[in-house]
Structures are given as C-alpha cells and as structure tokens.
Amino acid sequence: MSADLADILTCDGLAIGHGSKVIMERLTFGLAPGKILAVVGPSGCGKSTLMRALGGLDEPLAGTSTLFGINLVTASSKDRAAVLRRTGFLFQGSALFSSLTLRENVEMPMREFLKAPQREIRQLAEYKLALVGLADAMDKLPSEISGGMAKRAGIARAIALDPEVIFLDEPNAGLDPLSSGRLDELILRIRESFGTTVVLVSHEVSSILRIADLCVYLDPDAGTMGAYAAPKTFLQAGNHAKAHAFFKQTV
Amino acid sequence: MTDGLMRVVIGGTWRLDDPLPTIAVKGDRVRIESSDLTFFDSSLPAWIFGNFKNVRQLDLGSLPPRLQSLVRIAEKASVNDHLGEVPGVLAQFGSWGMESAGSWGRSFNHIGNTFMGFARVLVGRAKVNWMDFALQLQTAGVDALPIVALLGFLTGLIMAYVGLIQLRQVGATVYVANLVSLAMTREMGALMTGVIACGRTSTAFASQLGSMNVSQETDALRALGLNPVEYLAVPRILAVTLMVPLLATFATFIGVFGGMIVACAGDLSIEQYLTQAVRAITFKSFLVGFIKSIAFGFIAAWAGCYRGSVAKRSALGVGEAATSAAVLGITLIVVSDAIFAVIFNLFDL
C-alpha cells in the first residue's frame, strides 16, 4: 500500500473532509505512470473530495500528497502552475464554459499555455475534438449537445495540453450503456496513445472492471481506505470483504 | 512528387510548444514517411490530421504504429449523436418565423397562466409560496425606497431647472410648480418607478427563475404536482404589483420636493410653490398615475418571471434572460404608457 519512488502520484497519511470535519483519513497509496486508478465507495464517502485533494484543487486536512514528486500545498505558485499544466480535469457536470463553443472550450487552455499562432491552436483543438468523436460538433454550444457529448468534450478539453495525468470525476454518470462503453474505450485509447495516467471516481463497477488497473475502495464505516488492489480481486469472495460486498451488489 | 503521388518525410522532435511547419498539399494521393523521428506528442497527429484529412488516398504505412493509430482514431472517431445538417437560408428564415411565433405563444400562455393563478388565489385554491410573497414585499418594495427616492428627487429637480429657464422668458416662473407636480403625478413618478423595477426586480426574478431552471428545481416542482407559474411567479408578480404604486406615489412626492428646492432657490417662495402644486395635483391626475403604476408594476414583474421561466439551461441562458427581462419590461412599459395616453385622452382624464 505504501508509495514507491517511481510513482507519479502519492499520498501518505492523507486526511480529507469539509471544513474541519474529517471524512477519510490515513490514506496511503501510490500510482505508477500509465496506470488507471479507480476510486470507489458508497455515495458521500469522499471520492470526489479525495480526487480534488490529489489534483491540488483542495487542501487535505492532514498528511501529504504529491504529484510528479511535488507537494501542491507547499509548492511555490510557479511549481504549482507547472504541475497543473501537466494535469487535466473532467468535472462531474463536464463544466464546459456555456458561452463558448466546443472548439473554443478546447482552445482556451491552449491559448493560455501555448505560444502557438491561432491557426495551430485551431488545428490542435479540431484534432482533440475529432479524437473524442466530435469533429462535426465543434461549433456547437454546450447547451446544444447531449450529456454524452458534453462528457467527451470535457475530456477533449482535459487532454488539450497532452497532460500526463487526468482526473475524471464520475465520467460515466448519467450515460446510457452505449455511451458509457464508448467513453470507456476513449479513456483506454488515451492511455494507450499518450501513456496518460488516469485517476477516476466512479460508481460504475462494470466500467471499473473494464478499464481500471487499480482500485481504491473507501470504507465510510472505518473512515479510511478499505482496500487497494486490482478491481478483479474484489470480485473474489474472501478478499477485502466490504469491497467485495460493494462490487457484488453493484455488478 | 512522382506519378501524382506526394511524398512527405517527417522527422525530428514535435512538441506542442514548438511552431508547426506549413505545407501546401498537392494532389489527392499522399504518402507520409518518417526519418529520424525522435519524439512527438499530439502536435504531430494534429498536424497530419489537419493538413491531410481531405486527401483521398493517404498512406501512413511506414509511420510508427502509435502515430498511425493516433491519426486513424481521429478520422474514424467522427461519429456523432444525431447532429442535423446545416439548414439553408429559406429553412433558417422558416425556423426564425416558427421560433418567433412560438415565443409569442409562450408569452401569451404565461400571461394566461398568471391570470389563472391570480383567479385561483382569489378563490383560495392556489398553492402559492407566501413566504416568497412576504420576501418580495421587502426586497422589491421597502429595499427599493432609497433608489426610488434618489431618482425621484433628481427627476423633479431636473424638470424644475429646465422649466424655470423656459418660463422665466415669459415671466411665468410660478408655473414651474404646476409643471413639476403634474408631470410627476401623471407621468414621471410611475414611469421612473416602473423603469427602476425593471432594472432592479425584473432582472433579479429572471436570474432566480432561470437558475432554478438550470438546476431543474422547476422540474422538481412539476414532479411534486405544483404549477411553477402559480408557485413562483404569482407571489412575485402580486408583491411587485402592490409595491410599485406605493413606490410611485412616494417618488411623486419626493420629485415635487426636488422641484421645490430648485424653484425656491430661484424665483419662488415655499408658500407660492406649495400653493401652485396643490392646485395642480387633482384627484384625476393622481388616479391616472396610480393606474399606470399598477400596470407598470405588473409588467416589470411579469417580464422577469416570464424570461426566467423560458431561460436556456446554462449560465449564458440565465444572463440572457436577465438582460432580455429588463429590455422587455422597459419596452412594454413605454408602449403601454403610450396606449394609456390615448385611452385617458379618450376618457378626458
């Protein structure tokens, strides 16, 4: 369970919560580059809070977490910006900017961080949108597309700068099985093509079994992680009783 | 280029931060090869995809498999969820016509629902959020007193100033009190308060109801068997329709006072001004202003509630709803003021 020096992402004795209220504590694990980690657990157990803490969006209540070997809480603003430049986020509601078209949404981080001319930024954005299957919807506004398309557009924006780590919060939530399956394929394809490390929060056990290499099960009763292993091992009786029960109930 | 086949050789390092080369694609058969390709990120497949996506025959066979796959993925992945074709000009004109007709239909439907809601309130069958009603009496009424006072005072002051300059030329400065009192009572008190209600209350209602649309709260009300117009719009409209006449009356008196400051600083005494003002303000002119202010209050509140209820489900939609509520409200107030002028003239009011 302990973190390895080669890990791209680590947390050691991490405690997370809202305000001063601790939801989860004593979280210690690491993730090697190119792996897909799923964070699972019952609703309200702190999955999204953990993901935000790992990605440096929220400060943990105790313990340390590092991304690319840098602790985002103590890092200088320059180091922090450099780390965030190497990460991408997909939020639960996609969080696309509603006043911008899909192309403009994907172009936005490129404009902020790349010194490329408009023509090249446009070309890159079109490629990223084509990659997620939205080549013909580039000039649509977020309000004009379906939930599945919004998720894919959110992923296109998350991978705009070729991040080494992407954080996906409930990518399959609210999607039909077909769209959910397509999204799983897309995540696998991004990992295979770019070697991207993926941290995802999900309730969809079938999706986790399909794509995740490792799985952290958060146990709300114990207030800490109940298991950290390959998701398939949770299906076998005798292994990690609570995680096994969670997987068996939801499969 | 040989036998109509364009041969492109790529190599070196390709990074997002580096400038991409430009290329003029000739012919519809292209073969891309690599030589000493040391590193590439998504800038290279994006460059190939962007420059050669319209080529009929693109041969990537000699490229590294990962690069081939990244280009092919983008080509194949353009599968979309039921996106329509771009319509022609005639179809767009037709859509605009249909949309306009639909918009008018929705607005009349909302007005109808609002009056039905009022009728149900009168017979005691409406499910209305009375907490909202009380809150709006406070926020749309009492809280608006300072801004109404300021603008009413300045309006009276400006009218008296302009009036004095003109009336002094004919030696009739005493009539500045009549001018200010009559204008404030019949017209400006109600109009200014209506405009303030549009800028302050309409936009707030549009934002509130639009945000509720975004977060599906109005859907939740429907699911509970409640009519959103009755539950949300009726208490708001009722509160503003009651408060705007009171505010307009207040603005009228403050405006007359503002006029007195200027008039008395110049040619008139306080007694002269007040005597003339009391003579000028008849019950008829007060009634005209009061009736108008009731209508303006209803229009301002209805415009906000209507635009909020039809707002698009996005942050942009809420902003648009707030803007269009103010525009719709002010436009309808000015149009109805003109209609009132004709009607009151016909009835000799």
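The values are calculated or read from the model by the stated rules, or taken from the named source; none is laboratory data. None of the values given here were measured: they were computed from a predicted structure. As a convention, Cβ positions derive from the backbone with ideal geometry for all residues, glycine included, and neighbour counts pool all protein chains shown. We work out accessible area using only protein heavy atoms, side chains counted, and drop any ligands, DNA or RNA first. Shrake-Rupley method; radii C 1.70, N 1.55, O 1.52, S 1.80 Å.
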*Accessible area per residue of the protein assembly as shown at 1.4 Å probe, in Å²?*
47 Å²
_Suppose we keep just the alpha-carbon trace of the range B:191-349; what are its Rg and Dmax in angstrom?_
19.5, 67
_Order of exposure, largest accessible area first, which applies to B:Lys292, B:Lys53, A:Lys115 with probe 1.4 Å_ = A:Lys115, B:Lys53, B:Lys292
*With everything on Cα atoms, drop me the angle between helix A:147-158 and the longest principal axis of chain A, reported from 0 to 90° to the nearest 10.*
90 degrees
*For the range B:5-76, what's the relative contact order in percent, using C-alpha pairs closer than 8 Å and at least 6 residues apart?*
35 percent
*In what order, largest first, do B:Ser100, B:Ser181 sit by accessible area if the probe radius is 1.4 Å?*
B:Ser100, B:Ser181
*asked:* Taking each residue in A:113-126, count the Cβ atoms of any other chain within 10 Å of its Cβ, then average. What number comes out?
replied: 4
*Theoretical ellipticity at 222 nm over chain B - DSSP helices of four or more residues, -39500 (n - 2.57) apiece, nearest 500*: -21500 deg cm²/dmol
*Rough spin-label spacing in nm, given labels placed 7 Å along Cα→Cβ, for A:Glu185 and A:Ala222*: 3.8 nm
*Largest first and in whole Å, give the semi-axes of the range A:95-162's equivalent ellipsoid, each being the square root of 5 times a Cα gyration tensor eigenvalue.*
18, 11, 10
*Per residue of B:41-48, what is the mean number of Cβ atoms on other protein chains within 10 angstrom of that residue's Cβ?*
5
*Given A:Lys35/B:Lys312; A:Lys78/A:Lys115; A:Lys47/B:Lys127, which pairs have Cα atoms separated by over 29 Å?*
A:Lys35/B:Lys312; A:Lys47/B:Lys127
*Please tell me the relative contact order of the range B:230-344 in percent, rounded to the nearest whole number, where contacts are Cα pairs under 8 Å and at least six residues apart.*
31 percent
_Cα Rg, Dmax (largest Cα-Cα span) when computed across the range B:37-158, Å_ = 31.1, 84
*Heavy atoms only, probe 1.4 angstrom, no DNA, RNA or ligands counted: give me B:Trp302, B:Trp96 ranked by accessible area, highest first.*
B:Trp96, B:Trp302
*Counting only DSSP beta bridges with both residues in the protein assembly as shown, tell me the antiparallel percent, nearest 5.*
40 percent
*Would you compute, from DSSP H runs of 4+ residues alone, the mean residue ellipticity of chain A at 222 nm, taking -39500 (n - 2.57) per run and dividing by the full residue count, rounded to the nearest 500?*
-11000 deg cm²/dmol
*Any idea what the relative contact order of chain A is, in percent, if you count C-alpha pairs under 8 Å spaced at least 6 apart?*
24 percent
*With the full set of protein chains in place, find how many percent of the accessible area of chain B is carbon and sulfur; take the probe as 1.4 Å.*
65 percent
*Can you pull the Kirkwood radius for chain B, inverse mean 1/r over Cα pairs, to one decimal in Å?*
25.6 Å
*What is the spin-label model distance, in nm, from B:Met131 to B:Trp104 if the labels are put 7 Å beyond Cα along the C-beta direction?*
4.1 nm
*asked:* Please enumerate, by chain and number, the lysines with C-alpha under 23 Å from the C-alpha of B:Lys53, excluding those fewer than 8 residues away in the same chain.
replied: A:Lys128, A:Lys140, B:Lys26, B:Lys76
*Contour minus end-to-end for A:Thr74 and A:Ser43, with contour as 0.36 nm per residue of separation and end-to-end as the Cα-Cα distance?*
8.1 nm
*May I have the convex hull volume per residue, in Å³, for the Cα set of the range A:198-251?*
75 Å³
_Buried accessible area, chains A and B (both chains, 1.4 Å probe, Å² to nearest 100)_ = 2500 Å²
*If you line up the Cα atoms of the range B:138-280 on their principal axes, what length do they span on each, largest first, in Å?*
69, 23, 21
*Treating each Cα of the range B:5-76 as an identical point scatterer and ignoring solvent, apply the Debye formula and state log10 I(q)/I(0) at q = 0.22, 0.24 Å⁻¹.*
-1.02, -1.23
*Across the Cα atoms of the protein assembly as shown, what radius of gyration and what greatest pairwise Cα-Cα distance (Dmax) are found, in Å?*
33.1, 105
_Reachable lysines, given that their alpha-carbon falls under 23 Å from the alpha-carbon of B:Lys284 and they are not under 8 places away in the same chain_ = B:Lys292
*Quick one: Kirkwood hydrodynamic radius for the range B:109-216, alpha-carbon pairs, angstrom, one decimal?*
17.2 Å
*B:Gln169/A:Ala82 FRET efficiency (R0 60 Å; Cβ-Cβ; nearest 0.05)*: 0.20
*To the nearest 10 Å², what's B:Asp3's accessible area with a 1.4 Å probe?*
140 Å²
*How big is the shadow of the Cα convex hull of chain A, averaged over all directions, in nm²?*
13.4 nm²
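I'd like the mean, over residues of B:152-164, of how many other protein chain beta carbons sit within 10 Å of each residue's own Cβ.
Mean inter-chain Cβ contacts per residue within 10 Å come to 0.
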